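Working notes, beginning with the structure itself.
Here, each number is a calculation from the coordinates, and none is a lab measurement. Given the structure is predicted, the values throughout are model-derived calculations rather than measurements. Here the Cβ positions follow ideal geometry from the backbone for every residue, glycine too, while neighbour counts run over all protein chains shown.
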Amino acid sequence: MNLPVAELHIHLEGTLEPEMIMSLAAKHSIELPYSSIDELRAQYEFSNLQSFLDLFYANMLVLRTREDFHEITMAYLQRAHASGVRHVELFFDPQAHVERGMDLRDVIAGIRDALGEAQDRWGISHKLIACFWRHAPASEALELLRLMIAEKHDIDGIGLDSSELGFPPELFVEVFDLARESGLHVVAHAGEEGPADYIWQALDLLKVERVDHGIRCLDDEKLVQRLVAEQMPLTVCPLSNIRLRAVVTMADHPLPSMLEAGLKVSVHSDDPAYFGGYMDANFASLMETFNFSTGQLAQLARNSFESSFIDETAKRERL
Ligand code: ADE
Ligand code: ZN
């Protein structure tokens with residue numbers, strides 16, 4: 001049986017499986033640069049974060065309608081349910097969809113409909129988090145966030161993602177100030193490929209409630225002490241780190257040292273359609289390499305719920 005967990009680091013567009021890319025391209029008469037699924041799959045070899053993002057952004061262009069967003073979200077939730085996920089905090093990239101002319105209301109409505117159905121069907125609770133691109137100007141993120149707030153778009157929080165190196169969190173202070181003032185939750189990717197300093201910035205300048213990835217914190221002892229003292233959640237994605245070569249092999253993965261240091265780490269799947277699997281595959285790979293004890297597994301599962309934005313009563317019921 002799969003461990004019951006909360007999935008807190010999952011990009012909706014990263015659950016777009018090759019089969020769905022082909023079927024949506026056919027549905028919308030979109031010409032792809034690949035003629036078969038095998039040809040598409042042959043592209044899934046990455047040398048770093050950017051090499052993955054280039055393909056990820058190109059593939060998500062097949063998502064065109066509210067129904068498409070409903071379909072991809074439902075397919076993910078069904079898979080997540082089968083792998084033990086009881087609560088999900090789903091990321092999506094609004095700029096990607098607005099850029100090609102979609103109405104953000106259709107994007108969010110398609111996702112929300114599926115989240116509601118999964119709640120009724122499988123009891124999976126949820127939050128929805130809009131991630132802003134760090135490779136695009138902060139002014140663009142600020143403008144879009146202002147619009148989303150003015151038009152009361154139904155999101156629970158914001159995040160920060162995309163190319164990390166050269167795009168430090170300090171560029172996005174105004175965006176995060178506005179989000180917090182508006183009562184939104186705030187998270188940010190930091191310390192995936194970028195240095196420990198980006199994690200300091202995410203904490204001190206963006207005042208995040210969780211750090212996505214954060215594995216580079218181990219380069220800085222003072223930072224580790226602070227993260228432990230504050231029990232700041234770090235959402236770690238083992239298969240992603242291997243496939244994007246942030247870590248060489250699973251045996252080199254810092255998760256056991258992070259647990260040992262008392263960091264509040266939990267396990268997540270990031271972009272499972274690209275990195276070799278969903279929550280269950282991440283745990284299977286970790287178990288094969290580290291053979292975690294029942295106590296360690298329970299700690300990881302407990303951390304995932306405690307790090308979530310579920311309200312405190314519901315949290316206690318899940319633990
Ligand atoms: N967008 C989707 N996956 C990402 C990752 N692993 N890092 C940064 N941005 C992302
Ligand atoms: Zn991510």
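Worth pointing out:
- In region 97-155, the trypsin sites (Lys or Arg not before Pro) that fall in loop regions by DSSP, at most 15 other Cβ within 10 Å: 100, 152
- Gyration tensor (alpha-carbon) shape descriptor, region 50-116, a/c threshold 1.5: oblate
- Residue-averaged 222 nm ellipticity for the chain, from DSSP H runs of 4+ at -39500 (n - 2.57), nearest 500: -14500 deg cm²/dmol
- Cα-only Debye scattering, region 258-314: base-10 log of I(q)/I(0) at q = 0.23, 0.25, 0.28 Å⁻¹: -1.02, -1.11, -1.20
- Considering region 92-190 at the alpha-carbon level, its Rg and Dmax are found to be 13.9, 43 Å.
- Per the Debye calculation on region 5-309 with a single equal scatterer at every Cα and no solvent contribution, log₁₀ I(q)/I(0) for q = 0.08, 0.11, 0.15 Å⁻¹ amounts to -0.32, -0.63, -1.24.
- Percent breakdown of C-alpha pair distances by 5 Å bin, ordered from the shortest bin, for region 1-152: 2, 8, 17, 20, 19, 17, 11, 4, 1, 0
- For region 51-123, the list of chymotrypsin sites (Phe, Trp or Tyr not before Pro) that fall in a loop by DSSP and count at most 14 other C-beta atoms within 10 angstrom is empty.
- Measuring nothing but how far apart in sequence close Cα pairs (under 8 Å, 6+ apart) lie, relative to its length, region 5-309 scores a relative contact order of 21 percent.
- Extent of region 202-319 along its three principal axes (Cα atoms, max minus min coordinate, largest first): 35, 32, 27 Å.
- Cβ-derived FRET efficiency at R0 25 Å, residue 54 paired with residue 284, nearest 0.05: 0.30
- The simple Förster model, with R0 at 30 Å and r as the Cβ-Cβ distance, assigns residue 177 and residue 98 a FRET efficiency of 0.85.
- Full-extension gain in nm, residue 209 to residue 170, via 0.36 nm per residue minus C-alpha separation: 12.4 nm
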